[in-house]
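Below is one structure; the comments refer to it alone.
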Amino acid sequence: MMETNVLVKEYVNMKEEPRIGVYVCHCGLNIAQTVDCEKVAELASYLDHVVVSKNIIYACSEPGQQEIKDDIFEHGLDRVVVASCSPRLHEPTFRQMLKEADLNPYLLEMANLREQCSWVHIKEKDAATEKATDLVKMAVSRARLLYPLQEEKLPLTKRALVIGGGIAGIQAALDLGDSGFDVVLVEKRPSIGGTMAQLDKTFPTMDCSI
Amino acid sequence: MTDVGRHPRIKLYTMSELVDIKGYVGNFDVKILKKARYVDETECTSCGDCVDVCPVVRPDKFNLGLSSRKAIFVPFPQAVPSAYVINVNECLGHNPVVCAKCIEACDKDCINFHMSDEEIVESVGSIVVATGLEVYDPTELDEYAYTRFENVLTSLEFERLINAGGPTQGELIRPTDRKRPKSVGFVQCVGSRSARKGASYCSNICCMNTVKGTLMLKEHYPDMDIKVFYIDIRASGKGFEDLYRRSQRLGVHYLRGLPGTVEEMPDRSLRVAVENTVTSKLEIHELDMLVLALGIKPAPSTQRLQEILGLQLTSDGFFLEAHPKLQPVDAATRGIFYAGCAEGPKDIKESVTQASAAAARAIRLMHDGTITTEPITSQVIPGKCKSCGKCAEVCPYNAITVDVKKKTPATVSTAACAGCGTCAAECPFDAIIMNHFTDTQIINQVDALLEDRPKEKILVFACNWCSYAGADFAGVSRIQYPPNVRLIRTMCSGRVDEKFIWDGFEKGAPVILVSGCHIGDCHYIDANQWTDKRIKKVHKKMEKLGIRTERLQLEWISAAEGVRFAQVMQRMETLRQDVTTEEIAETIQILKERKQEKGRSKKRDDIL
């Protein structure tokens, strides 16, 4: 039954007019020295369903996030596009921000203006700004069709596997074990100890390794 | 070490390796192969009676062949578990006629030649990869003559010689005459920081390891003449500079410049020619012994483990972390963490620090006994499903069940689904929705990108884990490439539906690139093999329709291949420039006609 519920939600959301907020991050100068962030934000404001479009010095900073959260409440935003760094870096940050603003975290879309634009087209400011505009446009077009998703909680096995019984494996196993978790420690050789066991005194303390 | 052996919560499997893994974060089933030890480790008291009678003598690997051991042996005195082990390849055999002397000698009957390798399955919630290192083999650096002259030693051999528990009880002697050397030279950066042979990276530990070695020598033999040949001394850790200074104060001679040649003199001492780059003069040094400060390489098991666990490696061959600054101990795969040299060369203190961090990250994941799954999973629209079974066939996780005979619609187990989206891409009836990466969401992106001046743009589909990460890596490294490239991220290249490609060409894309993890490195077991098959299929269709197949490219780019990513983008740009406006217009026409034809035949089918 749950499956159809989500599908229904998708249809419902598509019939509603989305209200999108776009935030073009300067990342200090990391993005802004190559990309004309003000221009990108302005061009994004003309896109359909974009209610707010701003440029922002550091979107991930506390004041940056607060500004976005305030906008969500003030303008009734239901989708957020953050054009900043790679989603591989800050997607969790901004998803959390949406949660705090009472929005489903999956109503976020990111455009990668740093790793995939300003940093790789440093000397081509116009082309980079054009690309940034396109990336934001693509993100907005995708954001229009985003719909809320529900996370699921599953039971978990409270045990850890540690592969390798050198100093790192030993320390990890002991820390886990001392914290009350069962540990399976797998070592290829007949004894644990690894390379460390072969060493005499070790720096910086100059004491015995074993 | 002994704490591990005694710890009530730690189950230790030695002589064991991970061979397979099933499941997902929070609930992994790992298969471990435990090789036979032929000695009952719980019963063995390490009395050593067996060793006395064993007739087989072999070089002791732990001491790097500087001493010998028997076929039944304990790896080193402090070994954990404290139990003997038989190297069955060296042992003469358990047949009493042949040998079996150890069996007779063992009062506790610990030795059992009927032991066999075991396969054990354990359930775990998280994994810490701490596979360590291998030292560089200096054989290929012929200028240092490691294989030719016996008094040229590696740093690890030196360690064993100055170790009180080593083959000489800590007495440093020359291998050739077993006399204490009067002068010792250390050569730094052996196998590190070289563009020519060995690795290009700094191995991090060798400078301080040499400084430590010189201090030990000066402590034992204050009159010994010690020289260190180096490029830079990197003593950047806490307290390291003090040790370096102490070594200098004690009279250790630090010389900037690496030896060019090493020759042996009639008395077996060594003649080292080195350009001192401070004075720019060629110097000749006569030394009784030379120690090569070996660099660190990834452990030999790294590659195999990377394949089993679906992890990524850097171009140096170490494991790649999810983020170098913010997630330095996390793998990109959730629930897997790195500790120690598996992730990169590091010293003991750093290894311990990282191991504690990895443990804390694992605890953070596991502490409340539940795991929150990402809802980026696929789901079937029952009304559209024709129960053909294609989705179940392509799913790498066996997460889809469908009864082809009874014609019941497919169902997805959301717990098992990892969200690659291959099923949605392969479903011939559009009956599967890939949440968060739906057909319409992606097509909207394609259309937005190609709305304005499509001819100038390069459309690239990139998988989250490898190719998109590779593009990020190019960014972090500031590697420049043509600015008309536009990436669309999918979780896996397996998600790239044929219709995204047709839509792209129909909207005027000159060229399209589909990129994913290398075959064998797919984050979703082997979902990218379906990408490969699909692109081949589309190429055939393009050929039939009269569209140049070069316009659709498939490339495997890993997360570490930032340079290659940029090269591929350059190549795409060259390909794009070859595509004319007329060619694009013709393609659009062809595809429109194809669509109409398809529409007509569908109507016909519906009527029939």
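Out of B:C492, B:C522, report the one residue that is touching a helix residue (DSSP H, G or I) at 6+ places or on another chain (Cβ under 7 Å) and modelled with pLDDT under 95. Explain how you work it out, then say what you get.
Numbers: B:C492 fails: modelled with pLDDT under 95.
Exactly one residue qualifies, and that residue is B:C522.
Do you know which residues across the range A:154-167 are at the interface with chain B (Cβ under 7 Å from one of its Cβ atoms) and touching a residue at least 24 places away in the same chain (Cβ under 8 Å)?
We begin by selecting, within the range A:154-167, every residue at the interface with chain B (Cβ under 7 Å from one of its Cβ atoms); these are A:154-164, A:166-167.
Passing the criteria: A:K158, A:R159, A:A160, A:L161, A:V162, A:G164, A:G166, A:I167.
So for the range A:139-153 (the condition being more than 7 Å from chain B (Cβ to nearest Cβ), crowded, with 20+ Cβ neighbours inside 10 Å, more than 30 Å from B:G5 (Cβ to Cβ) and of a type in the set (V, I, T)), does at least one residue qualify?
yes
In the range B:63-74, what count of residues is obtained for those that are assigned to a loop (DSSP other than H, G, I, E, B) and in contact (Cβ under 8 Å) with a residue 24 or more places away in the chain?
5
From the list B:V80, B:V51, B:V97, exactly one residue is over 12 Å from B:Y38 (Cβ atoms) and not in a loop (DSSP other than H, G, I, E, B). Which is it?
So the residue among B:V80, B:V51, B:V97 that is over 12 Å from B:Y38 (Cβ atoms) and not in a loop (DSSP other than H, G, I, E, B) is B:V51.
Name the residues in the range B:317-341 that are within 28 Å of A:C85 (Cα to Cα), buried (at least 20 other Cβ atoms within 10 Å of the Cβ) and in contact (Cβ under 8 Å) with a residue 60 or more places away in the chain, would you?
Selection gives B:F319, B:L320, B:A331, B:A332, B:G335, B:I336, B:F337, B:Y338, B:A339.
Please enumerate the residues belonging to the range B:377-386 that are surrounded by fewer than 19 Cβ atoms within 10 Å (Cβ to Cβ) and either among the polar types (S, T, N, Q) or within 11 Å of chain A (Cβ to nearest Cβ) (or both).
Those that are surrounded by fewer than 19 Cβ atoms within 10 Å (Cβ to Cβ) and either among the polar types (S, T, N, Q) or within 11 Å of chain A (Cβ to nearest Cβ) (or both): B:I381, B:P382, B:G383, B:K384.
Listed residues B:I32, B:I21; which is at the interface with chain A (Cβ under 7 Å from one of its Cβ atoms), touching a residue at least 60 places away in the same chain (Cβ under 8 Å), surrounded by 15 or more Cβ atoms within 10 Å (Cβ to Cβ) and more than 25 Å from B:G165 (Cβ to Cβ)?
Just one listed residue meets the conditions, B:I32.
Suppose we filter the range B:228-242 for residues that are touching a Gly at 6+ places or on another chain (Cβ under 8 Å) and either of a type in the set (D, E) or surrounded by fewer than 13 Cβ atoms within 10 Å (Cβ to Cβ) (or both); how many remain?
Number satisfying all stated conditions: 0.
Of the numbered conditions (1) out of contact with any His (no Cβ under 9 Å at 6 or more places or on another chain); (2) touching a residue at least 40 places away in the same chain (Cβ under 8 Å), A:E74 satisfies every one except a single condition; which is it?
A:E74 satisfies every listed condition except (2).
Between residues in the range B:223-235 that are assigned by TED's automatic domain parsing to the domain that holds B:V291 and residues that are buried (at least 20 other Cβ atoms within 10 Å of the Cβ) and among the small types (G, A, S), which pairs lie under 6 Å by C-beta distance while being six or more apart or on different chains?
B:K227/B:G185
Conditions tested, residue by residue: (1) modelled with pLDDT under 95; (2) in a strand (DSSP E or B); (3) acidic (D, E).
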residue	(1), (2), (3)
A:Q150	yes, no, no
A:A168	no, no, no
A:L185	no, yes, no
A:P190	no, no, no
A:P204	yes, no, no
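Working carefully through the options B:D107, B:D142, find the one that is under 34 Å from the mean Cα position of the chain (by Cα) and away from chain A (no Cβ under 14 Å).
Checking each option against the conditions leaves just B:D142.
Would you point out the residue of the range A:111-136, among those that are among the aliphatic types (A, V, I, L, M) and within 9 Å of another protein chain (Cβ to nearest Cβ), that is nearest to A:V22 (Cα to Cα)?
Looking at residues that are among the aliphatic types (A, V, I, L, M) and within 9 Å of another protein chain (Cβ to nearest Cβ), I get A:L135.
Conditions first: (1) among the basic types (K, R); (2) crowded, with 16+ Cβ neighbours inside 10 Å; (3) more than 9 Å from chain A (Cβ to nearest Cβ). B:R37 passes all but one, so which condition is the exception?
(3)
From B:I547, B:I512, B:I584, B:I557, grab the single residue that is touching a Gly at 6+ places or on another chain (Cβ under 6 Å), crowded, with 19+ Cβ neighbours inside 10 Å and under 16 Å from B:I501 (Cβ atoms). Working first, answer last.
On the way: B:I547 fails: touching a Gly at 6+ places or on another chain (Cβ under 6 Å); B:I584 fails: crowded, with 19+ Cβ neighbours inside 10 Å; B:I557 fails: under 16 Å from B:I501 (Cβ atoms).
Sole residue among the options that is touching a Gly at 6+ places or on another chain (Cβ under 6 Å), crowded, with 19+ Cβ neighbours inside 10 Å and under 16 Å from B:I501 (Cβ atoms): B:I512.
Considering (1) more than 19 Å from A:L156 (Cα to Cα); (2) within 8 Å of chain A (Cβ to nearest Cβ); (3) of a type in the set (D, E, K, R), say which one B:K346 fails and leave the rest.
With (1) more than 19 Å from A:L156 (Cα to Cα); (2) within 8 Å of chain A (Cβ to nearest Cβ); (3) of a type in the set (D, E, K, R) applied to B:K346, the lone miss is (2).
Look through B:S46, B:S16 and report the one residue that is surrounded by 18 or more Cβ atoms within 10 Å (Cβ to Cβ) and either within 11 Å of another protein chain (Cβ to nearest Cβ) or farther than 30 Å from B:G125 by Cβ (or both).
Criteria check complete, one pass: B:S16.
Considering only the range A:88-143, state which residues are in a strand (DSSP E or B) and of a type in the set (A, V, I, L, M, F, W, C). If you could, list the steps in order and put the result at the bottom.
Our first condition is that a residue be in a strand (DSSP E or B); within the range A:88-143, this holds for A:108-112.
Residues satisfying the conditions are A:L108, A:M110, A:A111.
For the range B:495-519, what are the residues that are modelled with pLDDT under 95 and among the aliphatic types (A, V, I, L, M)?
Correct list: B:I519 only.
Somewhere in the range B:86-96, is a residue within 14 Å of another protein chain (Cβ to nearest Cβ), surrounded by 17 or more Cβ atoms within 10 Å (Cβ to Cβ) and touching a Ser or Thr at 6+ places or on another chain (Cβ under 9 Å)?
Within the range B:86-96, none of the residues are within 14 Å of another protein chain (Cβ to nearest Cβ), surrounded by 17 or more Cβ atoms within 10 Å (Cβ to Cβ) and touching a Ser or Thr at 6+ places or on another chain (Cβ under 9 Å).
I'd like to know if the range B:485-504 contains one or more residues that are in contact with a Lys or Arg (Cβ under 7 Å, 6 or more places away or on another chain) and surrounded by fewer than 17 Cβ atoms within 10 Å (Cβ to Cβ).
yes
If you go through the range B:389-407 one residue at a time, do you hit one that is touching a strand residue (DSSP E or B) at 6+ places or on another chain (Cβ under 7 Å), farther than 23 Å from A:M138 by Cβ and within 8 Å of chain A (Cβ to nearest Cβ)?
Taking every residue of the range B:389-407 in turn, none turns out to be touching a strand residue (DSSP E or B) at 6+ places or on another chain (Cβ under 7 Å), farther than 23 Å from A:M138 by Cβ and within 8 Å of chain A (Cβ to nearest Cβ).
Taking the options B:S116, B:S192, B:S155, name whichever one is more than 30 Å from B:L215 (Cα to Cα), in contact (Cβ under 8 Å) with a residue 24 or more places away in the chain and either within 14 Å of chain A (Cβ to nearest Cβ) or not acidic (D, E) (or both).
The unique qualifying residue is B:S116.
Which of the following residues is at positive phi, of a type in the set (D, E, K, R) and touching a residue at least 12 places away in the same chain (Cβ under 8 Å): B:K384, B:K407, B:K346? I'd like the intermediate steps shown before the answer.
Details: B:K384 fails: at positive phi; B:K346 fails: at positive phi.
None of the others qualify; the one that does is B:K407.
Please determine whether any residue of the range A:82-94 is surrounded by fewer than 17 Cβ atoms within 10 Å (Cβ to Cβ) and facing chain B (nearest Cβ under 9 Å).
Looking through the range A:82-94, none of the residues is surrounded by fewer than 17 Cβ atoms within 10 Å (Cβ to Cβ) and facing chain B (nearest Cβ under 9 Å).
Give me a count of the residues in the range A:190-208 that are touching a strand residue (DSSP E or B) at 6+ places or on another chain (Cβ under 9 Å) and crowded, with 18+ Cβ neighbours inside 10 Å.
Final tally of qualifying residues: 7.
Residue check, B:A105 against (1) outside the structural domain of B:S46 (by TED's automatic domain parsing); (2) touching a helix residue (DSSP H, G or I) at 6+ places or on another chain (Cβ under 6 Å); (3) closer than 20 Å to B:P77 by Cβ, all met but one. Which one?
Exception for B:A105: condition (1).
The values are calculated or read from the model by the stated rules, or taken from the named source; none is laboratory data. These figures come from a predicted structure and were not determined experimentally. All Cβ positions, even for glycine, are placed from backbone atoms using ideal geometry, and neighbour counts span all protein chains on display.
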